[in-house]
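The values are calculated or read from the model by the stated rules, or taken from the named source; none is laboratory data. None of these values were measured; they are calculated from a predicted model. Note that each Cβ is placed from the backbone with ideal geometry, even for glycine, and that neighbours are counted across all protein chains shown.
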Amino acid sequence: MSYSFQIKSFDEYKSAYQRSVEEPELFWSEVAENFHWRKKWDRVLDWNFVEPKITWFQNAKLNITENCLDRHLKTNGSDPAIIWEPNDPDEHHRILTYNDLHFKVNQFCHVLNNNGVKKGDRVCIYMGMVPELAIAVLACARIGAIHSVVFGGFSAQSIADRLQDAKAEFIITADGAFRGNKEIPLKSVIDQSLVQCPFVKKVIVLTRTRTPVSMIKGRDVWWEDELKKVETMGNPDFPAVEMDAEDELFILYTSGSTGKPKGVVHTCAGYMIWTTYTFVNVFQYQKGEVHFCTADIGWITGHSYIVYGPLSAGATSLMFEGIPTWPDAGRFWEIVDKHKANIIYTAPTAIRSLMSFGLDPLIGKNLSSLRLLGTVGEPINEEAWKWYHENIGKGKCPIIDTWWQTETGACLISNLAGVTPERASWATLPLPGVQPILVDERGNEITEKGEDGNYKGNLCLKAPWPGILRTTYGDHERCRVNYFATYKDLYFTGDGALKDDFGNFRITGRVDDVLNISGHRIGTAEVENAINMHNGVVESAVVGYPHDIKGQGIYAYVIYNGKLDDENLTRQDISATVSKVIGAIAKPDKIQFVSGLPKTRSGKIMRRILRKIAEGEISNLGDTTTLLDPTVVDEIKNRAI
């Protein structure tokens, strides 16, 4: 389907951007006319960044799945909605048309309903990348339940923390998941988490790996058995539940600067409009194209650019179960060739990893179907950008370098493919409706350029866009403090950035205590808490350092109580503890044992010093005289890994 809001030229972009800033309510009301509503809005926007309180499309009624599914059936029902490529290339792929997906989502709505799920309930989804994950997400949205997808690599403790925070009484999972040459025992991990969560009423389990699992009578049910009960009904139509524009659609947990993950809340109408608007414009999507986003639906990228954005736009979304390097490093390119993908959207970490295998994995792979290359999750370095452009795009495909966050719902700063200028390693221009500003530590706008000719500061936003988070689940004060209290009347992104004279932005990385590991945010406090659970650890401090593949690696400084007979074995034990508490994604890359940490007299750890040592900048540590014990720094320097 075509959209009146698709920007086709740089002049159109400039005009749209100007209107979005000068007349935001009129601008977004015109965009919103492209969607299906049960009831139109009374007012487009009401907001303040003090409480904060943000309302888009006040009192409008809708259901997002009617926009993602029902409205496409008459004209595009037989078009592919999801193409699923399994982990094992020898297993047959699956194609679900919009008719198929609508049917299966309606079926699963009955399964949820039969198991007691109703509007407003929180449902935790912990699955591998199978079509049933998308079906579960959409079924929750259709009946008005709030889904909370947890990435399949997180530990039992991480799941328990999220279940307790969301008070989620329902879980959808699978016996296991395939990822590369590994089987992930999803159901047994859920079982471990439920020891701490007796309030969970039902666990619906999909069969995928045929791993033997424990099924508790009265609580655990098989997905397939529940479907059979529904199949006896014949027509499985399940009327979409009417939702208010500001009703909660989902909770997605993201790491913060404290140990406890925070549940970012997105609501129905604004998120729908923002994901669709950005998908259509950033990717310049054309009907019939195959969009291959390589992310996991456990992260926001998968929510927005595998499920909601593409499906609302009537697109074909390609979903992959496996990893880019198994069974060999040509797997992505084989998938592009096999399904004639037109767009590939992946992380710089994946690109850097594939670069290390050279060009042999590209031999025999026809990539001529590609029209557009995209990157997400972290800034892409120039070397990886050039490799991607020359070897994957054959010098012909524009590259979009998208900057956004879990909290923003979808892209905020990015070039529009082939429409606005691209620049290697720069995210470039803000999308219509996005008003970025660079400020100093006191919140004053940066007005003077640095020696490199660019403005440099902390990246904030002056006004809301439809996809902005509304709160952190169950703790609105945490939302206010994290995002709106640092600088008056501004949303603080936590990132630093450069801006050139043309208004282009380059993201320079986190300026808070959050790491960006392979495009995924992990709080330093969360990793430190996990390290400190190890029996022999007295205290730890974690910082990021440059990593050739992951962008940032995790460097841990650990004070250990007791004799270190075998440092390497102890490092492995600590890493295993972190993996158990959070998940393998948070394991430190380097662990240095120290006798003390550089602290101020008030007890604050000087991470700036630890970060510089981890980065190898030991000759430029700045003033250390204010430390409680400056000699600690010399010892750490001398033993740096």
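I want to confirm something. Restricting to region 281-308 and keeping residues that are within 19 Å of VAL130 (Cβ to Cβ) and among the aromatic types (Phe, Trp, Tyr), which single residue is surrounded by the fewest Cβ atoms within 10 Å (Cβ to Cβ)? Among those residues, the one meeting the criterion is TRP299. Screening region 309-351 for residues that are in a strand (DSSP E or B) and polar (S, T, N, Q) and picking the one that is surrounded by the fewest Cβ atoms within 10 Å (Cβ to Cβ) gives THR346. Reported count of residues in region 127-164, each being out of contact with any Ser or Thr (no Cβ under 8 Å at 6 or more places or on another chain), within 14 Å of VAL189 (Cα to Cα) and of a type in the set (A, V, I, L, M, F, W, C), is 2.
Restrict the check to region 233-255 and report whether at least one residue is of a type outside the set (A, V, I, L, M, F, W, C), over 24 Å from GLU66 (Cβ atoms) and buried (at least 24 other Cβ atoms within 10 Å of the Cβ). Yes, the conditions are met somewhere in region 233-255. Residues that are of a type outside the set (Lys, Arg), within 26 Å of LEU431 (Cβ to Cβ) and in contact with a strand residue (DSSP E or B) (Cβ under 8 Å, 6 or more places away or on another chain) do occur in region 123-134, at least one of them.
Of all residues in region 84-131, which are among the charged types (D, E, K, R) and touching a residue at least 12 places away in the same chain (Cβ under 8 Å)?
Pass one, region 84-131, residues among the charged types (D, E, K, R): 85, 88, 90-91, 94, 100, 104, 118-119, 121-122.
GLU85, ASP88, ARG94, ASP100, LYS104, LYS118, LYS119, ASP121, ARG122, listed by residue number.
For the criterion of being closer than 30 Å to GLY263 by Cβ, out of contact with any Leu (no Cβ under 6 Å at 6 or more places or on another chain) and either surrounded by 22 or more Cβ atoms within 10 Å (Cβ to Cβ) or not β-branched (Val, Ile, Thr) (or both), THR375 passes.
Here is the figure for region 157-180: residues that are free of Cβ contacts under 8 Å to residues at least 40 places away in the same chain and outside any loop (DSSP other than H, G, I, E, B) total 4.
For (1) within 25 Å of PRO52 (Cα to Cα); (2) buried (at least 21 other Cβ atoms within 10 Å of the Cβ); (3) modelled with pLDDT under 95, each residue gets a yes or a no:
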{"position": "HIS476", "(1), (2), (3)": "yes, no, no"}
{"position": "PHE492", "(1), (2), (3)": "yes, no, no"}
{"position": "ASP495", "(1), (2), (3)": "yes, no, yes"}
{"position": "VAL511", "(1), (2), (3)": "yes, no, yes"}
{"position": "LEU515", "(1), (2), (3)": "no, yes, yes"}
{"position": "ILE522", "(1), (2), (3)": "yes, yes, yes"}
{"position": "GLU528", "(1), (2), (3)": "no, yes, yes"}
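For region 181-227, which positions are touching a residue at least 60 places away in the same chain (Cβ under 8 Å) and surrounded by 13 or more Cβ atoms within 10 Å (Cβ to Cβ)? Don't jump to the end; show me each part of the working.
Filtering region 181-227 for residues touching a residue at least 60 places away in the same chain (Cβ under 8 Å) gives 181, 186, 189-190, 201-202, 204, 206, 208, 221, 223, 226-227.
Matches in region 181-227: LEU186, VAL189, ILE190, LYS201, LYS202, ILE204, LEU206, ARG208, VAL221, TRP223, GLU226, LEU227.
Of note, ILE392 satisfies the criterion of being more than 28 Å from LEU490 (Cα to Cα), at pLDDT 95 or above, among the β-branched types (Val, Ile, Thr) and touching a helix residue (DSSP H, G or I) at 6+ places or on another chain (Cβ under 9 Å). When residues in region 265-305 are screened for being assigned to a helix (DSSP H, G or I), hydrophobic (A, V, I, L, M, F, W, C) and more than 24 Å from TYR253 (Cα to Cα), 2 of them pass. State which residue is nearest to LEU73 (Cα to Cα) when the search covers only region 13-41 and only residues that are in contact (Cβ under 8 Å) with a residue 40 or more places away in the chain and of a type in the set (D, E, K, R). Residue satisfying both the conditions and the ranking: ARG38.
Among the residues of region 199-232, the ones that are assigned to a loop (DSSP other than H, G, I, E, B) and either within 22 Å of LYS119 (Cα to Cα) or not aliphatic (A, V, I, L, M) (or both) come to 14 in all. Candidates GLY562, GLY551, GLY616, GLY544: the one that is on the phi > 0 side of the Ramachandran plot and crowded, with 17+ Cβ neighbours inside 10 Å is GLY551. Could you tell me whether any residue of region 379-388 is modelled with pLDDT of 95 or more, out of contact with any helix residue (DSSP H, G or I) (no Cβ under 6 Å at 6 or more places or on another chain) and not in a helix (DSSP H, G or I)? Scanning region 379-388, I find no residue that is modelled with pLDDT of 95 or more, out of contact with any helix residue (DSSP H, G or I) (no Cβ under 6 Å at 6 or more places or on another chain) and not in a helix (DSSP H, G or I), so the answer is no. Checking each residue in region 355-374 for being at pLDDT below 95 and aliphatic (A, V, I, L, M) picks out only MET355. If I filter region 310-322 for residues that are over 18 Å from SER414 (Cβ atoms), within 13 Å of the chain's Cα centre (by Cα) and at pLDDT 95 or above, do I get at least one hit? Looking through region 310-322, none of the residues is over 18 Å from SER414 (Cβ atoms), within 13 Å of the chain's Cα centre (by Cα) and at pLDDT 95 or above. The condition (being out of contact with any Leu (no Cβ under 7 Å at 6 or more places or on another chain), among the hydrophobic types (A, V, I, L, M, F, W, C) and farther than 29 Å from HIS36 by Cα) is satisfied by just one residue among MET215, MET233, MET272: MET215. Just one residue in the set LYS449, LYS499, LYS488, LYS462 is crowded, with 20+ Cβ neighbours inside 10 Å and out of contact with any Asp or Glu (no Cβ under 6 Å at 6 or more places or on another chain); that residue is LYS499.
Applying the criterion of at least 3 residues that are within 13 Å of LYS590 (Cα to Cα) and free of Cβ contacts under 8 Å to residues at least 60 places away in the same chain to the strands (runs of 3 or more DSSP E) found wholly in region 505-570 leaves 537-547, 551-560. Reported count of residues in region 42-56, each being under 13 Å from PRO464 (Cα atoms) and either free of Cβ contacts under 8 Å to residues at least 24 places away in the same chain or basic (Lys, Arg) (or both), is 4.
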